[in-house]
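The values are calculated or read from the model by the stated rules, or taken from the named source; none is laboratory data. As the structure is a prediction and not an experimental result, all values here were calculated from the model. Neighbour counts are summed over all protein chains in view; Cβ atoms, including those assigned to glycine, are modelled from backbone coordinates with ideal geometry.
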Amino acid sequence: MNNSVGNTGRVLWAGLRALLVLTVICGVLYPLAVTGIAQAVFPGTANGSEVKEDGRVVGSELIGQTYNLPLKEGEETPAPDLKWFQPRPSNGLGANSVNTQYKLILSGATNRSGDNADLIQWVKDAKAAVVKDNSVPGHTVKPSDVPADAVTSSGSGLDPHISPEYAKIQVHRVAEQNHLTVAQVDKLVADHTDGRILGFVGEPRVNVLQLNIALKELTKG
């Protein structure tokens, strides 16, 4: 009986010591080491890939934002603020502008199949809106010019990028709204277009937040 109690005690003590040692190693030392290395080697990425303007955080390179007008009485969905470049459509992006604190609402795709009637109608409505919003005097956007990312959300609903094709469709409208030349805005898009990673991974893309921050700086001048 005494041997049984003694063996149980030794097993419990050994288990407790293992728990304490593993807690210190895995719960304290390892997280501190990983955090320290991340802060030393990749501080921007470790801190959320923050984007700053005038010394304050206005968003993240990894999470998209919307650029809408204030919600009017009786409206369920705010209208887009057409002086800014617009992101991909998504129900997952929190309402925001370049100068306000970003608040994430939710993320996720529509989860509807390609032949879903609601999804088809949403795409048609989105294409019509893109054509209407971006057609200005002297420049008409054709439905065939509208790229897929202009009318569909990403799988996460948080894509911060748009295609160069979608950005270029918006150039004339942004130029008119901000009293800039098309050449100025076109150059802005070109300067903020990132190529394929390592030259072959992914597709060329434009970060909408960074582009709009550059647009704001351009309009100041």
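Quick notes on this one:
Rundown of residues vs (1) hydroxyl-bearing (Ser, Thr, Tyr); (2) out of contact with any helix residue (DSSP H, G or I) (no Cβ under 9 Å at 6 or more places or on another chain); (3) more than 16 Å from Lys83 (Cα to Cα), yes/no style:
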site: Gln121; (1), (2), (3): no, yes, yes
site: Gly138; (1), (2), (3): no, no, yes
site: Ser153; (1), (2), (3): yes, yes, yes
site: Asn178; (1), (2), (3): no, no, no
site: Thr193; (1), (2), (3): yes, no, yes
site: Gly202; (1), (2), (3): no, yes, yes
site: Val208; (1), (2), (3): no, no, no
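- Criterion violated by Pro147 - all others in (1) touching a Ser or Thr at 6+ places or on another chain (Cβ under 9 Å); (2) closer than 19 Å to Tyr67 by Cα satisfied: (2)
- If you go through segment 153-185 and keep only what is surrounded by fewer than 18 Cβ atoms within 10 Å (Cβ to Cβ), within 18 Å of Ala126 (Cα to Cα) and not charged (D, E, K, R), you end up with just Gly155.
- Scanning segment 88-108 for any residue that is within 16 Å of Leu211 (Cβ to Cβ), modelled with pLDDT of 85 or more and buried (at least 17 other Cβ atoms within 10 Å of the Cβ) turns up at least one such residue.
- Test: residue in segment 187-195 that is surrounded by 15 or more Cβ atoms within 10 Å (Cβ to Cβ), within 20 Å of Asn68 (Cβ to Cβ) and out of contact with any strand residue (DSSP E or B) (no Cβ under 7 Å at 6 or more places or on another chain): no
- Selection count where residues are without any contact (Cβ under 8 Å) to a residue 24 or more places away in the chain, more than 24 Å from the chain's Cα centre (by Cα) and assigned to a loop (DSSP other than H, G, I, E, B), scope segment 139-155: 2
- Residue within segment 144-163 that is among the polar types (S, T, N, Q) and modelled with pLDDT of 95 or more present: yes
- Residue list for segment 202-221, filter: closer than 20 Å to Leu62 by Cα and outside any helix (DSSP H, G or I): Gly202, Glu203, Pro204, Arg205, Val206, Asn207
- Check on Ala40, outside the structural domain of Val174 (by TED's automatic domain parsing) and loosely packed, with under 10 Cβ neighbours inside 10 Å: yes
- Some residue of segment 110-119 being surrounded by 14 or more Cβ atoms within 10 Å (Cβ to Cβ), part of a loop (DSSP other than H, G, I, E, B), out of contact with any Cys (no Cβ under 7 Å at 6 or more places or on another chain) and touching a residue at least 60 places away in the same chain (Cβ under 8 Å): no
- Lys132 vs. criteria surrounded by 12 or more Cβ atoms within 10 Å (Cβ to Cβ), basic (Lys, Arg) and over 18 Å from the mean Cα position of the chain (by Cα): no
- Residue within segment 137-151 that is surrounded by fewer than 16 Cβ atoms within 10 Å (Cβ to Cβ) and either hydrophobic (A, V, I, L, M, F, W, C) or not assigned by TED's automatic domain parsing to the domain that holds Leu82 (or both) present: yes
- Selected residue (criterion: modelled with the lowest pLDDT) from residues of segment 29-81 that are under 30 Å from Val174 (Cα atoms) and of a type in the set (Ser, Thr, Tyr): Thr77
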